[in-house]
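Rule-based calculations on the coordinates, nothing more; no lab input. Since this is a predicted model, take the numbers as computed values, not measurements. With ideal geometry, Cβ positions are generated from the backbone for all residues, glycine too; neighbour counts draw on all protein chains shown.
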């Protein structure tokens, strides 16, 4: 029997061999699940210049008009200087103003004994080292010639106050993203702020989804007395898309290997990987097993790569298979819908998102079980139970462990992992929980 960690490595390696990197425009990345293929470094400082954190007035904390130092004789004072110093209606210390420069334009250097109006994000004038917010002035932006302040300039004008320093968010050459990170909207914004228009990502794999079985019919079709509607095709397609896959098509094939080869063959040129559900157990009409055997027999028992059928120490989802079939890389999942979805969570989703097998692919928590009575857990198998994680760090199991109970999976926001060494669980036991909300 193969362990869960061993099989995670197997599927991760299979998918890794299929990956190819591409440069994607950041403007086209929104709404897509993309994973960075390599580290990204900033080509520039962000912000690229010192700028104002507030709407207000840029001043120099060392200006004599701010520090209160006696000014030398200045017979060439401007009329604005005189008005600013003499106008008692200001109600406090005052400074004449530089011309207002809107954000996006370079300002003049700050003149001695002056203040410069600045908007949030405006480049700081050369010579200014702090900003006094408009809320700490008596007249705001109402006057064009001078501004008065509500408190002592020496108290308001502290070096660096309300100034965003160049490179304070990102320094040129700094690593701003790591290979394997999701290209989230925020991270795409970080790259854009550094002047980058593209990101190196793993190209989404083109996956053909195949549900199997004579007993399965499409939703909305006429159902025979011994048939069921195909939940797997819909559920697995959605789960793979949520993990970033590009779905080529979703097919249903019968239990006849010839039907499988014919339908899959029509999509082969557009497909990187096939993910199928069902047909891998020990029954008499397991179509994936039959197709693999027919292919091996047709090649003298040496089909290229072939299919490997494994028993994984996990419940649900013990039967698994992988390899090549119909000339394509192939991952075959069990046929019960819950087994298929759990298998995607444990093996396929982490591989598609390039999450290494040694890392948990979901947010992990430890929680205490709330059980009315003890329950058995299969010896030597990791049991994956559908669950609800409460804010108080307790976890409630939803329904039983049976793999056909898809409704219970739909109500779950977590998976509780019961270790392979555990044979019974009881109220208050600590378990590992993956959040799948």
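Before anything else, pin down the relative contact order of region 309-437: Cα pairs under 8 Å, at least 6 apart, normalised by residue count, whole percent.
27 percent
In nanometres, what is the gap between the two model label sites at residue 221 and residue 126, each 7 Å from Cα along Cα-to-Cβ?
Simple spin-label model gives 7.6 nm for this pair.
Quick one: which of 205-215, 381-391, 410-420 comes out on top by average Cβ neighbours within 10 Å, and what's the full order, highest first?
Listed from highest to lowest mean packing, they are 205-215, 381-391, 410-420.
Taking the Kirkwood radius as the inverse of the mean 1/r across Cα pairs, report the Rg/Rh of region 364-435.
Here Rg/Rh amounts to 0.92.
Calculated FRET efficiency, residue 150 and residue 192, Cβ-Cβ r, R0 35 Å, to nearest 0.05?
0.35
So what's the angle, to the nearest 10 degrees on a 0 to 90 scale, between helix 287-298 and the longest Cα principal axis of the chain?
70 degrees
Taking the radius of gyration and the Kirkwood hydrodynamic radius from Cα positions alone, what is the Rg/Rh ratio for the chain, to two decimal places?
Ratio value, two decimals: 1.23.
Pairs of Cα atoms under 8 Å, at least six residues apart: use those to get the relative contact order of region 364-435, whole percent.
48 percent
Using only the alpha-carbon atoms, how far is helix 4-16 inclined from the longest principal axis of the chain? Give it as 0 to 90 degrees, nearest 10.
70 degrees
Any idea how far apart residue 371 and residue 270 come out in nm if each label point goes 7 Å out from Cα toward Cβ?
4.8 nm
Taking 20 °C and 1.002 mPa s as the conditions, I'd like the Stokes-Einstein D for region 161-272 in µm²/s, using the Kirkwood hydrodynamic radius from alpha carbon pairs.
Once the numbers are plugged in, D ends up at 118 µm²/s.
At 7 Å along the Cα-to-beta-carbon direction for both residue 406 and residue 175, put a label point, then send me their distance in nm to one decimal.
So the two model labels end up 4.3 nm from each other.
Given Cα pairs under 8 Å that are at least 6 residues apart, what percent is the relative contact order of the chain?
Reported relative contact order: 16 percent.
Between residue 437 and residue 1, what length comes free when the chain is fully extended (0.36 nm per residue of separation minus the Cα-Cα distance, one decimal in nm)?
153.9 nm
Test of understanding: what is the full-extension gain from residue 103 to residue 427, defined as 0.36 nm times their sequence separation minus their Cα-Cα distance?
So the chain would gain 110.4 nm between residue 103 and residue 427.
If you average the C-alpha positions of region 385-437 and of region 265-294 separately, how far apart do those two centres end up, in angstrom?
With region 385-437 and region 265-294 each reduced to a Cα centre, they are spaced 31 Å.
Using only Cα positions of region 300-437, each an equal point scatterer, no hydration layer, compute I(q)/I(0) via Debye at q = 0.13 Å⁻¹ and quote the log10 values to two decimals.
-0.59
Sort the following peptides by mean Cβ neighbour count (other Cβ atoms within 10 Å, averaged over residues), highest first: 120-132, 218-230.
Answer by packing, highest mean first, reads 120-132, 218-230.
Gain in length, residue 18 to residue 297, computed as 0.36 nm per residue apart minus the alpha-carbon separation, to one decimal in nm?
Gain on stretching residue 18 to residue 297: 97.8 nm.
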